[in-house]
1. Looking at (1) surrounded by fewer than 19 Cβ atoms within 10 Å (Cβ to Cβ); (2) under 30 Å from Asp534 (Cβ atoms), which is the only condition Ala724 fails?
2. So, in region 473-517, of the ones that are aromatic (Phe, Trp, Tyr) and in a strand (DSSP E or B), which residue ends up surrounded by the most Cβ atoms within 10 Å (Cβ to Cβ)?
3. Give all pairs with beta carbons closer than 8 Å in which a residue from region 121-148 that is at positive phi meets a residue that is aromatic (Phe, Trp, Tyr) and modelled with pLDDT of 95 or more; count only pairs at least 6 apart in sequence or on separate chains.
4. Take region 42-86 and flag every residue that is at pLDDT below 95 and under 23 Å from Gly404 (Cα atoms).
5. Could you please find all residues in region 59-74 being away from the ligand (no atom under 16 Å from the Cβ) and of a type in the set (A, V, I, L, M, F, W, C)?
6. Search region 826-838 for residues that are in a strand (DSSP E or B) and pair each with any residue that is surrounded by fewer than 22 Cβ atoms within 10 Å (Cβ to Cβ) when their beta-carbon atoms are under 8 Å apart and the residues are at least 6 apart or on different chains.
7. May I ask you to list the residues in region 89-108 that are surrounded by fewer than 24 Cβ atoms within 10 Å (Cβ to Cβ) and more than 13 Å from the ligand (Cβ to nearest atom)?
8. Restricting attention to region 861-889, and to residues there that are touching a Ser or Thr at 6+ places or on another chain (Cβ under 6 Å) and assigned to a loop (DSSP other than H, G, I, E, B), which single residue is surrounded by the most Cβ atoms within 10 Å (Cβ to Cβ)?
Amino acid sequence: MSYRIHVNEQPFDAEPRPGQCLRTYLRDRGWFGVKKGCDSGDCGACTVHVDGEPVHSCLYPAVRAEGRRVTTVEGLAEPGGELHPVQQRFLDAQGFQCGFCTAGFLMTTSKLDADQLDDLPRALKGNLCRCTGYRAIEDAIRGVTHVEEPCPGRSVGRSMGAPAGPLVVTGTARYTFDIDIPGLLHMKLLRSPHPHARIVSIDTSAALRVPGVHTVLTHHDAPERLFSSARHEHPTEDPDDTRVLDDVVRFVGQRVAAVVADSEAAAEEGCRRIAVEYQQLPHVVDAEAAMRPGAPVIHAKPAEASRIARPENNVVGEVHGEIGSVAQGFAEADVVYEDTFRTQRVQHASLETHGAVAYWEEDDPERLVVRSSTQVPFLTRRALCALYDLPEDRVRVVAGRVGGGFGGKQEMLTEDIVVLAALRLKRPVKLEFTRAEQFYGATTRHPFTIGIKAGAKRDGTLTALQLRVVSNTGAYGNHGPAVMFHSVGESMAVYRAPHKKVDAYAVYTNCVSAGAFRGYGLGQVTFAVESAMDELAHRLGIDPLVLRERNIIGPGEPMVSPGGEEEDLHIASYGLDQCLRVVRDALAEDRSAADAPEGWLVGQGTAMSMIATGPPGGHYADATVTLLQDGTYDVAVGTAEFGNGTTTVHQQITAGALGTTADRIVIRQSDTDVVRHDTGAFGSAGTVVAGKAVMRAANGLAERILTFAAEHARAPRGLCRLLADAVECDGRVVSLKELYEAAHDKEVTLAADGHWGGSPRSVAFNAQWFRIAVDPGTGEIKILRSVHAADAGKVMNPLQCRGQVEGGVAQALGATLFEQVLVDDRGRVVTPAFRRYRLPAYADVPRTEVHFMETSDAIGPLGAKSMSESPFNPVAPAFANALRDATGVRFTEVPLLRDTVWRAVEEHRAAGAEPGRPAGRQPSREGSV
Ligand code: FES
């Protein structure tokens, strides 16, 4: 009997491959709306309907779909093409950011009945979203409309919908692998089973005999040149310690060889047949141990050549500094608090995994195109050209829509090796990480150990603040020094202690590498600093808010950090006082304690943070805005869109400057062939750096158009003004189309360029407040209320900015409560799947009340500041402070797992202490598993 299924009413007869899942079968036939987020039915991004029932198509054998009707998101719209009601609702509420999860949510929610709608935590348990914090999704399901109508000249400050919205909800937005490339070859990687070993020999002959295998790449094929997978404008920010394929492996999971074949199955079989002889070397996974004399040296490279601070001690970077004398400051203090805080490895878990495709341009076979899930297309091109000695005009790097990044894609983790294969084979080659590889082959947040000592006078005035920070950067130093440096910057500068000291180290270990991740180290150190401030207040009997108000930096004050001052950092707007006022108001009117179950302990806690609005050391963006023939505008800007919403903001800025509506602006971005340089979409730079370049270009074009129109109409320049689709000069209206033609006839291009160098920089502020209840019998915690105050300057798009805050708080709650990448004593990741690495689901995330402060920044475009990273930073300490208030126990480690909380509270009670009284301290969890 022949195989037949109907997909979106179209018949398909091709037999599935043995063992093929329905997801792959559908994607192979071009139904790219069906997304691959995991391989185990955990994330729901691949949800489709089979005979009207939602299923996870990655778990559904394609052969079982025989004779059935399958509907994907592309088939969800009504037959006449009208959007399905849930699609329209997701547009109206903007129930997405990157949108990679959206098709799955649409397919699930389109089948919910009334009972299920009453129990969304249960109904949505099979779908994960990493970006939104779920509130926007809930609003979409409930039919709440947030998106505002366009209004000429009044785009800025309005809740405009993302321009990609219609593509996202219909499954037609094209992410990295949503393209069909004829003759595509597939790459799979053989990874190291050892934490530290030298490759003695490697035999690839059996692998090469596997039918379909085209090549096997080993360290013999890789350039000798060292580089860093981290991408910064200045490559010298990171150590050169990495080879494409190395003859020494330094963590379990490092690439050993790459097999390229006609199919993934053949490439996997090839990997299994490679015989490698290793000479095992001693290893170390603990950062403190790695610094001690006699520890195994992980990178024995000369310090100057590699920019590793002290290779013999595994110290990749360090910073030491003292302002005043902390010894004097502690001597003057009435109370001194000292403790050690620990944070864990956390994975970005963007739903689209890392990956790249390299192929040769059809009409120019000497030009290589790299399509990549990246936040940094220009820096990736630069690195590839340096690595392979290629001229920049021979390489084009393009990002499609990127399915989440959070800093994890500010790395070159796949592009280097697919290019090596493409150069050798002259064929298109694809490498897409599996979800498991994402855990042991990509990067994590840096685990930190933070020793803190803080002293204060009886009235709460700080006298001294001292930190000793050790960051475990893993086997490679990508972002290691920069994260460490940033972590002790704004976290210390926000307080005015006269005596400050810091000693910080970024240390190599034989573990999976850490990298850039939302907050860039600030979240870790803020956990310690804000916990310490709370503890000082408790010990002094002072309201923790009062202690903060007494010591925080004020407007116009210099930012002083013992790690070194950043001269270009200024308080160009100040909303920290307002942030704390929001918390105070929330406290004053709060009734949520009444919602606590009987017998539970109730507490409230606050934390705050400051963050620079862009990265130091140069972050550049160029933009060009052009009037098009049809009277609309084209914006070419380099920065990538991965759910951070910069496309919408750039549209709004342009529309505002040109007096039109955002829907008349087309954005081209993240393609090194069609836009000019942009350092990248990281460090919260999309609005404040790229946005400022766009603003300058748009303002420049407005000026050009008005000048040209005045000449054209022979009217005084001052009597001309821009309308939505025309220019009015002295009462005469000329359409933009007409103006374009007139300019064209005179060989004038109505376009303008804008540039911004990201300096000087301002700072943004955040404060988080929780009221929680704790069951002392089980350690279960309920969040009774969550309030977040954000000083984002002039908020360009309230809907979108609120989404960033909600998403940041949700991501931080995961890291605070349960997320952790666990490694064993060989550094092997033992949680490489969503079933073993718990991501916040709908049921885990409360609705956070988000408040924006009334400030306008003197540096940022139109008064705006950044707000994509910073909401993460105060969440863990605010939560720990609430727990301290409820239980009397100071928790010094995250995640705050239920059994950890229960044990600590039990011990505290056994010691005879009362909840809420200063006493206990969380028992330290030794070991990693
Ligand atoms: Fe849900 Fe990005 S919008 S994963």
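1. (2)
2. First pass over region 473-517, keeping only residues aromatic (Phe, Trp, Tyr): 476, 485, 495, 505, 508, 517.
Those left that are additionally in a strand (DSSP E or B): 495, 505, 508.
Numbers: Tyr495: 20, Tyr505: 28, Tyr508: 32.
The qualifying residue surrounded by the most Cβ atoms within 10 Å (Cβ to Cβ) is Tyr508.
3. Filtered contacts from region 121-148: Tyr134/Tyr842.
4. Across region 42-86, there are no qualifying residues.
5. In the first step, residues of region 59-74 are kept if they are away from the ligand (no atom under 16 Å from the Cβ); the result is 59-72, 74.
Scanning region 59-74 gives Leu59, Ala62, Val63, Ala65, Val70.
6. Note: pairs meeting the criteria are Val829/Leu822.
7. If the condition is that a residue be surrounded by fewer than 24 Cβ atoms within 10 Å (Cβ to Cβ) and more than 13 Å from the ligand (Cβ to nearest atom), then Arg89, Leu91, Asp92 are the ones that fit.
8. In this case the residue turns out to be Lys865.
The values are calculated or read from the model by the stated rules, or taken from the named source; none is laboratory data. These numbers were taken from a predicted model, which means no experiment stands behind them. Note that each Cβ is placed from the backbone with ideal geometry, even for glycine, and that neighbours are counted across all protein chains shown.
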